[in-house]
1. Within the set of pairs 6+ apart or on separate chains, which have a first residue in region 104-125 that is at negative phi and in contact (Cβ under 8 Å) with a residue 12 or more places away in the chain, a second that is aromatic (Phe, Trp, Tyr) and assigned to a strand (DSSP E or B), and C-beta atoms under 6 Å apart?
2. Yes or no: region 131-138 includes at least one residue that is of a type in the set (D, E, K, R), at pLDDT 95 or above, assigned to a strand (DSSP E or B) and more than 16 Å from the ligand (Cβ to nearest atom).
3. Residues being within 16 Å of the ligand (Cβ to nearest atom), among the hydrophobic types (A, V, I, L, M, F, W, C) and part of a loop (DSSP other than H, G, I, E, B): count how many of those fall in region 99-130.
4. Which residue is nearest to the chain's Cα centre (by Cα), if the candidates are limited to region 168-195 and must be more than 16 Å from the ligand (Cβ to nearest atom) and surrounded by 17 or more Cβ atoms within 10 Å (Cβ to Cβ)?
5. With closer than 30 Å to HIS106 by Cα and in a helix (DSSP H, G or I) as the only criterion, which of GLN183, GLN150 stands out?
6. Pick from GLU77, GLU35, GLU46: which is at pLDDT below 95 and either among the charged types (D, E, K, R) or assigned to a helix (DSSP H, G or I) (or both)?
7. So ILE41 fits all but one of (1) of a type in the set (Val, Ile, Thr); (2) part of a helix (DSSP H, G or I); (3) modelled with pLDDT under 95; (4) more than 30 Å from THR201 (Cα to Cα); what number is the exception?
Amino acid sequence: MAHPMVVTKAPKPVSALSKTEAGLESGLADYSTQELYRELIGRFHEDPDRDGLLATPSRVEKSMAFLTKGYQQNPTEILRGALFDVDYDEMVIVKDVEMFSLCEHHMLPFWGRVHVAYIPDGKVIGLSKIPRLIDVFARRLQVQERVTRQIADSIQEAIAPRGVGVVIEARHMCMMMRGVEKQQSTTVTSAMVGCFHDQPTRGEFLSLVRQPSSGI
Ligand code: ZN
């Protein structure tokens, strides 16, 4: 049985919608995000007017806006002012950066650690910018393979180093809570650019990643 729309506003006729709006879902562009979450709660067979759920649409809206704010951030802007000329040509490695993202297939979290390395060719990135760069791509609807690649490509584009390596080790709620229900499996992805395709650079990077953190 179809559940009644909890919201009361009449939807615009499809003809009045722009192509993008109509592409979302005919008529739905007229409802606020909170109204749509309220409707969803009803469709989960819950009572959106129950005390504990009254403010949920507003909380979910804020939370989702935060978790997807990467769409409105530009990696080039984040790195601007944080690129430095340095005479250093050994591997720079930033290990164990926490990452939280949402899988685009189920909109459930996947999270883990990112390891980034590059060999400069005249320019380096301010170290604090690497975690911010990771967040720009992680705070979107993603697949792990794509975040990994985007981080590597944006570093390559920003400072044209001799090479970049990115490894992400993550766990996916969509595998743990549903589907195959595997609790302990970790998904590892890597993206290598330039000299990171070659041994021994790649080998050196991967062995540094495998070393336990020193605890400093
Ligand atoms: Zn998923």
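1. What qualifies is TRP111/PHE100; VAL124/PHE84.
2. So the first thing to find is which residues in region 131-138 are of a type in the set (D, E, K, R), and the list is 132, 135.
Checking the rest, the ones that are also at pLDDT 95 or above come to 132, 135.
Then drop every residue that is not assigned to a strand (DSSP E or B), which leaves none.
The answer is no, given that none of the residues of region 131-138 is of a type in the set (D, E, K, R), at pLDDT 95 or above, assigned to a strand (DSSP E or B) and more than 16 Å from the ligand (Cβ to nearest atom).
3. Here is the first cut: in region 99-130, the residues within 16 Å of the ligand (Cβ to nearest atom) are 99-112.
Cutting the leftovers down to among the hydrophobic types (A, V, I, L, M, F, W, C) gives us 99-100, 102-103, 107-108, 110-111.
Right, trim to part of a loop (DSSP other than H, G, I, E, B) and you get 107-108.
So the answer is 2.
4. Among them, the one singled out is GLU169.
5. Working: GLN183 fails: in a helix (DSSP H, G or I).
Selected residue: GLN150, the only one of GLN183, GLN150 that is closer than 30 Å to HIS106 by Cα and in a helix (DSSP H, G or I).
6. On the way: GLU35 fails: at pLDDT below 95; GLU46 fails: at pLDDT below 95.
After applying the criteria, what remains is GLU77.
7. Unmet for ILE41, out of (1) of a type in the set (Val, Ile, Thr); (2) part of a helix (DSSP H, G or I); (3) modelled with pLDDT under 95; (4) more than 30 Å from THR201 (Cα to Cα): (3).
The values are calculated or read from the model by the stated rules, or taken from the named source; none is laboratory data. As the structure is a computational prediction, the values presented were derived from the model and not from experiment. Ideal geometry is used to build each Cβ from the backbone, glycine not excepted, and the neighbour counts take in all protein chains shown.
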